[in-house]
Amino acid sequence: MNKKNLLFGLLLAAFTLGVVACGGGEKEETAAEAPAATEEAVTAVPAIWTAPEEAKAVTNPIAMSTESSEKGKALFTQYCVSCHGEKGLGDAPAGKAVNAANLQEKVPAQTDGEIHWKLLNGKGAMLKISTYGISDEDGWNLINYLRDLTKQG
């Protein structure tokens, strides 16, 4: 294999890993866009990613603080920016490829418990935080940072 083909293969592999590693997939899906296998398959795919009711009531055990937000920012920078972008708009190239959520729109409308449930469960290209070795406590720190980030706009 020549150097040009090797370089192309490595770049393609790196891009694929980036797409898989970032969060995403909150595009609303209409019945026309959903898989056409069966009516049951279409109705089984929710149009909007919704956490269970019991998750909505869960409160963040980590008090909002500069220290907590800074810990969350470090995690966001390491694991989330590649898709969601610096401001959380879902506008990074890898994020566009997987339709990453615009966190500026999504986060303020959700409780900490809802966001935590989504971090724990993942969906599509957004893997569970445990996949990255992120602890439950750091998931709450990440939520605190997201609250700060979405206040800044």
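The values are calculated or read from the model by the stated rules, or taken from the named source; none is laboratory data. Values in this document were obtained by computation on a predicted structure and should not be read as measured data. With ideal geometry, Cβ positions are generated from the backbone for all residues, glycine too; neighbour counts draw on all protein chains shown.
Things to note:
- Residue under evaluation ALA44, criteria (1) of a type in the set (A, V, I, L, M, F, W, C); (2) surrounded by 15 or more Cβ atoms within 10 Å (Cβ to Cβ); (3) modelled with pLDDT under 95, criterion not met: (2)
- Looking at GLN104, GLN110, just one residue is closer than 20 Å to GLU54 by Cβ and in contact with a Lys or Arg (Cβ under 9 Å, 6 or more places away or on another chain), and that residue is GLN110.
- Taking the listed residues SER68, SER82, the one that is outside any loop (DSSP other than H, G, I, E, B), touching a residue at least 60 places away in the same chain (Cβ under 8 Å), surrounded by fewer than 20 Cβ atoms within 10 Å (Cβ to Cβ) and among the hydroxyl-bearing types (Ser, Thr, Tyr) is SER82, with no other qualifying.
- If you go through segment 87-120 and pick out every residue that is within 23 Å of ASN60 (Cβ to Cβ), surrounded by fewer than 17 Cβ atoms within 10 Å (Cβ to Cβ) and not polar (S, T, N, Q), you end up with 5.
- Here ALA92 clears all of (1) modelled with pLDDT of 95 or more; (2) within 11 Å of the chain's Cα centre (by Cα) except the condition numbered (2).
- Test: residue in segment 54-64 that is over 12 Å from TYR145 (Cβ atoms) and either among the charged types (D, E, K, R) or under 11 Å from the mean Cα position of the chain (by Cα) (or both): yes
- Here segment 114-135 is the region considered, the condition is being of a type in the set (D, E, K, R) and modelled with pLDDT of 95 or more, and the residue that is nearest to GLN78 (Cα to Cα) is LYS118.
- Count of residues meeting criterion [closer than 19 Å to LYS56 by Cα, free of Cβ contacts under 8 Å to residues at least 60 places away in the same chain and part of a helix (DSSP H, G or I)] in segment 122-153: 3
- Residue identified as on the phi > 0 side of the Ramachandran plot and at pLDDT 95 or above among GLY25, GLY85, GLY72: GLY85
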